[in-house]
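The structure appears right after this line, and notes come after that.
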């Protein structure tokens, strides 16, 4: 029997707003515990939520870049449950009138292009975080994340393989990072994904009983969890030794297994009802149009510009638009040096290898665009040669040095004085008479030998092309 | 200073002082909302209303007693005088502010020759008011002299960025004076309500009707108003008080093992009987399977009542209702007090007759009409 895996995704993405959804506390990640907390987001009485307009706008943008319809009148609902990370005893979310509906994104896998339908996107607030202190055996709660704005993107059950799931997540990541909706960092929890998964006989149109997989913290974990869970379900169907029940399962990536969760997520009746404290928000066509004009260039458009306007190769353009970070470095540097091809070469060549050696993901590096641009210009103008340029790049990368100052201080500037170079060339020629004879006999390899010696004499500060010109000229002058 | 109506009483001159129900916050002071749950809760802020009154040079007389979380019990004895009414009656302050959702203050004020202004929903900021029923919470004013009440309203009303349900300067109380339209006022009298009221109330309404042009009408859904009010308010109260769980602030039981115990014991020991009852009813009416039968149905009726009111105010400048029915049962009487909060309408309790009064209700933002009628205008 052949089986087909059917999956739908619920993706949570933290919005890139400055402040939280209902108060002015900072929404930034990585602060000291409970640093970004006020009476409002810690659930104290007497505070009324004041909706963050920017969060609504980012929700609109999320919908626009995923081809959704934007709901003209949105409302908020309360989802009730008790948990210490939830300060008010309810989560503000959107059950009845989510901000976006009926969209899709197009993904590309080895088997071709495919549309994944999006059922809805809704705005909601995040919860805090529980930390267990093993020394005192106490549970501590950090409300920094409480009330940080989120959107949840709910897909239709359109996925048939882990490959499609990962392609979709990468697409969402690309769309939302380029559109400034979110930084979509799985490792920091600003992007989280739950997978609803069921199996059925291939060709059947009925859906099997689904389970929901949680705690998927990387693309790798997602792929592994899907493989594990689909196999578990297929075995269950085939052998009948286990019944598949609709449940939430937690993935343990360390042991590579999932297990059924028995906690707040399962037993609850959420008792949703409309939140009377948050007035309905009307989203007019004018507002949508205005928000639309603020969406930065997306990866696809950028790719078009790189290939069509700059004439960069398909391959390079794909790499340069592969993540928001690398695209930013490219565009940022291009502002200082108007040579797309050179900028592409430097970023994809020298910079990439430096970053690789540093064992860092490209998205986490920090480099000054102006300094990088300056360096590329210096090489272009032959103020320094390429080999020295690469050294300086390393210095910019690790120590944020200014390339011009650095070259000056370390006397790395190229020797532009042709008279001086001529003297060195002649000195080297005279010291190696045997090689001149070889040259005269037609052995071109000798040129390389001379070049090496001369460059060593100049400590690499001469422009190789100039040196070569002088060298050939001087060699030809020799009469034996 | 000790005073039977106050939780905290300050030594200030009464003629320039206001009292607050102990669910309105004053910075660095206790705000208990009448509950053991908040017995140690120190407010981090001044409520917007407090800020505004202090800025006007008024002084705080103290914080008055109230039903736990301002939720009136619908069973048992409910005749104890409200702190705010007692405080004004006692002349320990000129005015007192409170959140009268369930009508106890509206009734008691009129019975004691005082006025109670309950403004249009969203007129006065709720920032710093301990939530009871978010869709009906509205700070109102108890006063002996109506003009003082009106002046207070003009101070505390207006938009507040900390409460997005507050409306701009729309309240007529703030900016309009004198007659609002030509001719005599027309006041609607709900005949089906009058049939169920007592003789005293009938007298009071009669007194009003002798001065104004009145028309009778049938108030739809009156027989289920208590239920609608009870269902919706319980749902919201249950939700608003679920933040009191012993985890972050307020009362925490000393006797617990594990999280569930902490919740259960803190809430069992921290809330009084009425709050427990309300929370259970609130959870019940929202639970799956019951939501449509109770909450949603009540919301539908609420909308129908609103629509009827919109229609009524095309013909009437105000409607007048009694403040007591021919029953002592607080649950039965709740029907009288439900209309204004359910529809967000302004109401004014007016003392009329002997130890009695009426409530006048107008369309939203028409407080001035109520004041004008009360003062005997046209």
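Inside region B:252-264, residues that are closer than 19 Å to residue B:34 by Cα and either within 13 Å of another protein chain (Cβ to nearest Cβ) or in a helix (DSSP H, G or I) (or both) make up a count of 1. For region A:235-256, a residue qualifies if it is surrounded by 15 or more Cβ atoms within 10 Å (Cβ to Cβ) and over 15 Å from residue A:194 (Cα atoms), and the qualifying residues are A:236, A:237, A:244.
One line per residue, one yes/no per condition, for (1) surrounded by 15 or more Cβ atoms within 10 Å (Cβ to Cβ); (2) assigned to a loop (DSSP other than H, G, I, E, B):
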{"position": "A:375", "(1), (2)": "yes, no"}
{"position": "A:389", "(1), (2)": "yes, no"}
{"position": "A:393", "(1), (2)": "yes, no"}
{"position": "A:398", "(1), (2)": "no, no"}
{"position": "A:405", "(1), (2)": "no, no"}
{"position": "A:408", "(1), (2)": "no, no"}
{"position": "A:411", "(1), (2)": "no, yes"}
{"position": "A:423", "(1), (2)": "no, no"}
{"position": "A:430", "(1), (2)": "no, no"}
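For region B:197-219, the set of residues classified as under 27 Å from residue B:329 (Cα atoms), at pLDDT below 95 and part of a loop (DSSP other than H, G, I, E, B) consists of B:198 only. Taking region B:1-45 as the range and being within 24 Å of the chain's Cα centre (by Cα), part of a helix (DSSP H, G or I) and either away from chain A (no Cβ under 12 Å) or at pLDDT below 95 (or both) as the test, the residues that pass are B:14, B:16, B:36.
Checking each residue in region A:112-164 for being touching a strand residue (DSSP E or B) at 6+ places or on another chain (Cβ under 9 Å) and at positive phi picks out only A:147. Taking the condition in contact with a strand residue (DSSP E or B) (Cβ under 8 Å, 6 or more places away or on another chain), surrounded by fewer than 24 Cβ atoms within 10 Å (Cβ to Cβ), away from chain B (no Cβ under 14 Å) and not in a loop (DSSP other than H, G, I, E, B), does residue A:64 pass? Criteria met by residue A:64. Going through (1) within 27 Å of residue B:103 (Cβ to Cβ); (2) in contact (Cβ under 8 Å) with a residue 40 or more places away in the chain; (3) within 14 Å of another protein chain (Cβ to nearest Cβ) one by one, residue B:224 falls short only on (3). Apart from one condition, residue B:62 fits all of (1) at positive phi; (2) surrounded by fewer than 22 Cβ atoms within 10 Å (Cβ to Cβ); (3) touching a strand residue (DSSP E or B) at 6+ places or on another chain (Cβ under 8 Å); the exception is (2).
Residue count for region A:36-60 under the criterion of being surrounded by fewer than 23 Cβ atoms within 10 Å (Cβ to Cβ) and outside any loop (DSSP other than H, G, I, E, B): the result is 4. Looking only at region A:405-417, decide whether some residue is out of contact with any strand residue (DSSP E or B) (no Cβ under 8 Å at 6 or more places or on another chain), over 28 Å from residue A:349 (Cβ atoms) and at pLDDT below 85. Checked region A:405-417: at least one residue is out of contact with any strand residue (DSSP E or B) (no Cβ under 8 Å at 6 or more places or on another chain), over 28 Å from residue A:349 (Cβ atoms) and at pLDDT below 85. Among the criteria (1) touching a residue at least 24 places away in the same chain (Cβ under 8 Å); (2) touching a helix residue (DSSP H, G or I) at 6+ places or on another chain (Cβ under 6 Å); (3) more than 27 Å from residue B:11 (Cβ to Cβ), the one residue B:141 does not fulfil is (3). Considered as a group, the residues in region B:117-138 that are within 10 Å of the chain's Cα centre (by Cα) and under 16 Å from residue B:371 (Cβ atoms) include one that is farthest from the other protein chains (Cβ to nearest Cβ), and that residue is B:117. All but one of (1) within 28 Å of residue B:167 (Cα to Cα); (2) out of contact with any strand residue (DSSP E or B) (no Cβ under 8 Å at 6 or more places or on another chain); (3) more than 14 Å from every other protein chain (Cβ to nearest Cβ) hold for residue B:331; which doesn't? Unmet for residue B:331, out of (1) within 28 Å of residue B:167 (Cα to Cα); (2) out of contact with any strand residue (DSSP E or B) (no Cβ under 8 Å at 6 or more places or on another chain); (3) more than 14 Å from every other protein chain (Cβ to nearest Cβ): (1). For region A:97-112, the set of residues classified as more than 27 Å from the chain's Cα centre (by Cα) and modelled with pLDDT under 95 is empty.
Taking the condition out of contact with any strand residue (DSSP E or B) (no Cβ under 8 Å at 6 or more places or on another chain), away from chain B (no Cβ under 14 Å), under 30 Å from residue A:69 (Cα atoms) and not in a helix (DSSP H, G or I), does residue A:180 pass? Taking the combined requirement at face value, the residue satisfies it.
The values are calculated or read from the model by the stated rules, or taken from the named source; none is laboratory data. A quick note: this is a predicted structure, and the numbers were derived from the prediction, not measured. Cβ atoms come from the backbone with ideal geometry, glycine included; neighbour counts cover every protein chain shown.
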